[in-house]
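All remarks here apply to the structure that follows.
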Amino acid sequence: MRVGFPVNPLLAIEGELPLVPTSAQSGDDEATVLVLEPRVLARVGGGRIGGSVEPFALFGFGLPIALSSDDQVAASDVVASLHAGVGVRVPQKTGWNLRADARTAMLPGRGVALAGFDFEISIGLYRVFGQPEAPPPARLAPDRDDDGVADEDDACPDRMEDIDGFEDLDGCPDIDDDRDQVLDIADGCRLAPENINGYRDGDGCPDVLPPELVELVPAPRALLFRRSGDALRTRSEAVVDHLADLLERHPSVRIVIVGHVDPGELDDEDADAEHTLSLRRAETVREALIRRGVSVRRLEVWDAAAEFPLSEGSSSHERARNRRVTVRVLRPDLPVASQIAP
């Protein structure tokens, strides 16, 4: 029989009372001997092996008492003993648990021997009393998509929440957290919305146009044309080279090329003729860029006619500044017509 009292998760004090009936014989005489040994042991252990086996070690002392029916054959006696050993406990769901011990006991010796040793192996059952019963498992709320959000709280009960740190409690997969129309899987800045400005609009990150793209044709350079003409002037070839180089270094950029005429440049002041001339000037620049390897898909042309004069002066120099082509980065989110004003 064994009774144990836990002191803490690692230590328990146990009391044992083994009762062993035996017999002794001397000549023709025989005596019945009853050995009763109260023991006090310390059991030390913590943790589990394989999730269910609890190893332990123990040590302590006992007081073996031998009660003999005939002291002439075998004398009654009381001695002391020391115990040490190891064992395992295996909890079971039934409440009746398995235990196995292997130990040695040291007892006072008899005759010339200073001590004697006994070895003991035991296997038995034990039960734990006083533990609160485990509560019944909670009844889980319905969760059709198995995303951990109950259907009653799930805005998307048939689509699994993606658990990405953004609105994870609504039960819906968030494929574009910053709602910039760049999917998170390709968005370099998942929580910072892209600003559409025609520059790196597909990376999902807000960015600013580099200065070289703010003013594609910096002063004093200009794409100017002779009166009523649409041919590219020699001095403008370097400007077109500069544009082609910029577009090569920024392959995601598209541009709009806008042709202009000077008010009164055409003798008949025909509006249709002004539109035609301004469009031909824009197309001239486009063709020059295409010859330099720029894809036509990156080039939009527009005719502004005389709508946006650069100079109102009357001198020939001032009038010449209006016979021009302007170029700017094209934003994909706005109509082309809204982007032609200087």
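Nothing in this text is a laboratory measurement; each read-out follows from the coordinates by a stated rule. For clarity, every value in this text was computed on a predicted model and none was experimentally measured. Every residue, glycine as well, gets a Cβ built from its backbone with ideal geometry; the counts of neighbours run over all protein chains shown.
Along the Cα→Cβ direction, 7 angstrom out, place labels at Arg127 and Cys189. What is the inter-label distance in nm?
Placing both labels 7 Å along Cα→Cβ, they lie 6.9 nm apart.
Please turn the phi angles of region 10-18 into ³J(HN,Hα) values with the Karplus equation 6.51 cos²θ - 1.76 cosθ + 1.60 (θ = phi - 60°), one per residue in order, whole Hz, x for glycine and proline.
These are the phi-based 3J(HN,Hα) values: 9, 10, 9, 9, 10, x, 10, 9, x Hz.
Determine the gain in length on full extension of the stretch Cys156-Leu36; use 0.36 nm per residue of separation and subtract their C-alpha separation, reporting nm with one decimal.
My answer for the length gained is 36.1 nm.
P(r) tail for the chain, what percent of Cα pairs lie past 25 Å?
Result: 73 percent of Cα pairs exceed 25 Å.
Please give the FRET efficiency for Ala115 paired with Val90, using the beta carbon to beta carbon distance and R0 = 30 Å, rounded to the nearest 0.05.
0.35
By how many nm would the segment from Ala24 to Ser338 grow when fully extended, if each residue of separation counts as 0.36 nm and the alpha-carbon distance is taken off?
Result: 101.3 nm gained on full extension.
Obtain the nm distance between the two label points defined at Thr104 and Ala57 by a simple spin-label model: each point lies 7 Å from its Cα along the Cα-to-C-beta direction.
1.4
Highest mean first, how do 116-123, 323-330 rank when packing is the count of other Cβ atoms within 10 Å averaged over residues?
Ranked by mean Cβ neighbours within 10 Å, highest first: 323-330, 116-123.
How far apart, in nm, are two points set 7 Å out from the Cα along the Cα-to-Cβ line at Arg226 and at Glu312?
Distance between label points: 3.1 nm.
Taking the C-alpha atoms of region 2-127, how large are the radius of gyration and the largest Cα-Cα span, Dmax, in Å?
17.5, 57
What is the gain in length, in nm to one decimal, between Leu10 and Arg297 on full extension, counting 0.36 nm per residue of separation less the C-alpha to C-alpha distance?
That works out to 95.7 nm of additional length.
Report the rotationally averaged projected area of region 211-339 based on its alpha-carbon convex hull, in square nanometres.
That works out to 7.8 nm².
Take each of the peptides 185-198, 277-290, average the number of other beta-carbon atoms within 10 Å over its residues, and list them starting from the highest.
Ranked by mean Cβ neighbours within 10 Å, highest first: 277-290, 185-198.
Rounded to the nearest 500, what is the 222 nm mean residue ellipticity of the chain from helices alone, with -39500 (n - 2.57) per DSSP H run of 4+ residues and division by all residues?
My calculation for the chain gives -4000 deg cm²/dmol from helical runs alone.
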